[in-house]
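The values are calculated or read from the model by the stated rules, or taken from the named source; none is laboratory data. These numbers come from a predicted model, not from an experiment. Here the Cβ positions follow ideal geometry from the backbone for every residue, glycine too, while neighbour counts run over all protein chains shown.
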Amino acid sequence: MRSFSVHPYSNVSLDNCQLEPEKGAPGVARRESTFSGSIVLSGSAGPFSSGEAEEKGGSGKHPPMLTGGCELQTSFGWLSFTVPYERFEDVLYLLDSNPVPMGRGFRGYSESFSICSSGRAAYTPGREDAHFDLPASAIAVAFRSFEDVVSFVQFILDCGGHFTRVDVAFDTSLVGVDDVRRAIEAKNVVTRFKSYRVIEAKALGDNALRGYTVYLGSKASESMLRVYDKALEQGIVGERWTRFEIQLRDSRADALLKGLVGAVDYVKYLVGALRSLVDFRDRGANSNVTRCPLLDWWAKLVGAFEKVKLVVEKAGKTVDDLREWIYRQVAPSFAILLGFFGVDEWERLFQYGKRRVTDAKLKAYGLI
């Protein structure tokens, strides 16, 4: 694995730093870091200018693409992760030499920064972890190649971090959304997903189609696949551009990325992971689904790659996990409730919840 270097502005005490404006923009106090190595980031946030980033593969608009051996172009569409608080500044300044304090909280954390143009970093003084969100546009700013993203993933894992969401996009011009929809409606699909949805977004004025997406799975689950007309979304006329995008959360996101950093062939691994979620086969050809041939269009896309099974570590639930979930998902609702009814509502809520706690619930968290 490669080593990394951050910009020499880390190990700052964020609790005590003075935010001094410079030329109209907030600045961040910095001091020398002892963290060293050799990763190179691109775009306005990293050591390259946007022009150099374009020459080296990071356009500042689209994340670095990975191609090879198939008719799909692969890229990261989203990365979310947490790291131990003591590594927050190392990661922060590795991604962006000039993070902008937002003056407000984010995802249950009390303090946040804007990074890499569209990303966010957040922490709470005294809390054990810190959080980062990198959408596709932030990934495009931060990294010059797909391989650098993978190396960064390894770095986060080595820091003791955990990934809470990853989106991987597979782009093609050979297949349309209608091909996928017809296959599902004809039951020529092999998947563990229990349901699918088709969303057609239309303009109110002229009823023109503005978006066309097939969803497999639910946003509430740890796995979901969406297939959509990317050309239509981007307003590109006369071209076919279809995106297959897998979205994994929590343990499945961690499992995918832990497998990726150890993979010899990134394309083979990621396309294999796509096939593990969904496979399009002629189900009428044989009663044994494993003997059913791939549909012709699917075979052209993925036929050369075997499925990859994600190894998901099944860790037991802890009270810390429960606390983190409440801070992330429930705290804003609590604030509204207590603000309206007063702090006495907290005691009533506690007593009500206490009556509903079962032995099974306590056992699940290792409390009995």
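Considering only residues that are surrounded by fewer than 16 Cβ atoms within 10 Å (Cβ to Cβ) and among the polar types (S, T, N, Q), which ones fall in region 93-118?
Selection gives SER110, SER118.
Among the residues that make up region 79-90, is at least one of them among the aliphatic types (A, V, I, L, M), within 20 Å of GLN247 (Cα to Cα) and modelled with pLDDT under 95?
no
If we scan region 265-277, do we find a residue that is of a type in the set (Val, Ile, Thr), crowded, with 21+ Cβ neighbours inside 10 Å and part of a helix (DSSP H, G or I)?
Yes, some residue in region 265-277 is of a type in the set (Val, Ile, Thr), crowded, with 21+ Cβ neighbours inside 10 Å and part of a helix (DSSP H, G or I).
One residue is enough: does region 171-191 have a residue meeting the conditions surrounded by 21 or more Cβ atoms within 10 Å (Cβ to Cβ), under 18 Å from the mean Cα position of the chain (by Cα) and in contact (Cβ under 8 Å) with a residue 60 or more places away in the chain?
Checked region 171-191: no residue is surrounded by 21 or more Cβ atoms within 10 Å (Cβ to Cβ), under 18 Å from the mean Cα position of the chain (by Cα) and in contact (Cβ under 8 Å) with a residue 60 or more places away in the chain.
This table checks each residue for (1) within 26 Å of SER75 (Cβ to Cβ); (2) of a type outside the set (Asp, Glu).
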site	(1), (2)
ASN98	yes, yes
ARG107	yes, yes
SER110	no, yes
GLY119	yes, yes
GLY126	no, yes
ASP129	no, no
ALA140	yes, yes
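Among the residues of region 110-123, write down those that are touching a residue at least 40 places away in the same chain (Cβ under 8 Å) and within 22 Å of ASP250 (Cα to Cα).
TYR123
Identify, from the list SER97, SER110, SER145, the residue that is within 18 Å of the chain's Cα centre (by Cα) and not aliphatic (A, V, I, L, M).
So the residue among SER97, SER110, SER145 that is within 18 Å of the chain's Cα centre (by Cα) and not aliphatic (A, V, I, L, M) is SER145.
Picking from ALA122, ALA130, which residue would you name as being within 29 Å of ASP320 (Cβ to Cβ), surrounded by 24 or more Cβ atoms within 10 Å (Cβ to Cβ) and at pLDDT 95 or above?
Result of the check over ALA122, ALA130: ALA130.
What are the pairs with Cβ atoms under 6 angstrom where one residue, in region 317-341, is in the same structural domain as TYR109 (by TED's automatic domain parsing) and the other, located anywhere, is surrounded by fewer than 12 Cβ atoms within 10 Å (Cβ to Cβ) and hydrophobic (A, V, I, L, M, F, W, C)? Sequence gap at least six, or different chains.
none
Within region 79-92, which residues are surrounded by fewer than 17 Cβ atoms within 10 Å (Cβ to Cβ) and either part of a strand (DSSP E or B) or in contact (Cβ under 8 Å) with a residue 24 or more places away in the chain (or both)?
PRO84, TYR85 - these are the residues of region 79-92 that are surrounded by fewer than 17 Cβ atoms within 10 Å (Cβ to Cβ) and either part of a strand (DSSP E or B) or in contact (Cβ under 8 Å) with a residue 24 or more places away in the chain (or both).
Test SER287 against the stated conditions and say whether it is surrounded by fewer than 18 Cβ atoms within 10 Å (Cβ to Cβ), without any contact (Cβ under 8 Å) to a residue 24 or more places away in the chain and not in a helix (DSSP H, G or I).
Taking the combined requirement at face value, the residue satisfies it.
Regarding VAL308, is this residue modelled with pLDDT under 90, within 27 Å of VAL175 (Cβ to Cβ), touching a Gly at 6+ places or on another chain (Cβ under 8 Å) and surrounded by 14 or more Cβ atoms within 10 Å (Cβ to Cβ)? Show your work before the answer.
Numbers: modelled with pLDDT under 90: yes; within 27 Å of VAL175 (Cβ to Cβ): yes; touching a Gly at 6+ places or on another chain (Cβ under 8 Å): yes; surrounded by 14 or more Cβ atoms within 10 Å (Cβ to Cβ): yes.
Taking the combined requirement at face value, the residue satisfies it.
From the list TYR228, TYR215, which one is under 29 Å from ASN288 (Cβ atoms) and part of a strand (DSSP E or B)?
TYR215
Those residues that are in contact with a Ser or Thr (Cβ under 8 Å, 6 or more places away or on another chain) and within 27 Å of GLY160 (Cβ to Cβ), I need them from region 262-283; list them, please.
First, pick out the residues of region 262-283 that are in contact with a Ser or Thr (Cβ under 8 Å, 6 or more places away or on another chain): 266-267, 270-271, 277-279.
Listed by number, the residues that qualify are TYR266, LEU270.
Of the residues ARG249, ARG243, which is under 15 Å from ARG181 (Cβ atoms) and outside the structural domain of GLY77 (by TED's automatic domain parsing)?
Selected residue: ARG243, the only one of ARG249, ARG243 that is under 15 Å from ARG181 (Cβ atoms) and outside the structural domain of GLY77 (by TED's automatic domain parsing).
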